[in-house]
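K.L.:
Below is one structure. I have some questions about it.
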Amino acid sequence: MPRALLLVDGPSDQPLGRHVTKLARVHGCELDVVTPDLTRLSPPPGHAVGDRLQRVLAFDGSFDLVIVHRDAEGHPADQRRREVAEAVEAVKPELPHLPVIPVRMTDAWLLVDEEAIRRVAGRPGGREPLNLPSLRQVENVPDAK
């Protein structure tokens, strides 16, 4: 089974690995997605994609793909794509990469997953109305977290 390294911006983005795995399966691809907790490294790497990639590959270099989740944070998406491409090229040029650059926080999309919210809240069978925005409205919710 192919192995993918998912580098995320921070610990709150780590659950995205499960979503990437599900998306791959929906599209007929079995993929083992590894999302390391970089805060456990001493010292932890900064936000530079190249630094984070280099630190992980020093422990395990057996990935077939690197997926880099990098929030736009007000920068143009093309700038973030170049940042990812240049970092991978500098660290391990033969490693295929896939940049994931949400313009708004990815977490906003997760907020419409009622089942996930109830599970995390410890009430998977709950029936209380959650008043979640519709899929069409979610991108218009500022600071959705």
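K.L.:
Determine the pairs where a residue that is touching a residue at least 60 places away in the same chain (Cβ under 8 Å), located within region 45-70, has a partner that is open to solvent by 20 Å² or more (accessible area, probe 1.4 Å) and of a type in the set (D, E, K, R) with Cβ atoms under 6 Å apart, the partner being 6 or more residues away or on another chain.
P.N.:
Phe63/Arg3; Asp64/Arg3
K.L.:
Can I ask one more? For region 73-90, what are the residues that are more than 16 Å from the chain's Cα centre (by Cα) and modelled with pLDDT under 90?
P.N.:
Passing the criteria: Gly74, His75, Pro76.
K.L.:
When the residues of region 113-131 are narrowed to those that are part of a helix (DSSP H, G or I) and open to solvent by 80 Å² or more (accessible area, probe 1.4 Å), which ends up modelled with the lowest pLDDT?
P.N.:
Val120
The values are calculated or read from the model by the stated rules, or taken from the named source; none is laboratory data. It should be emphasised that the depicted structure is a prediction, and the values quoted were computed from it without experimental measurement. Don't worry about glycine lacking a Cβ; one is built from the backbone with ideal geometry, like all the others, and counts go over all protein chains shown. Keep in mind that these areas ignore ligands, DNA and RNA; they rest on the heavy atoms of the full protein, side chains included. Shrake-Rupley method; radii C 1.70, N 1.55, O 1.52, S 1.80 Å.
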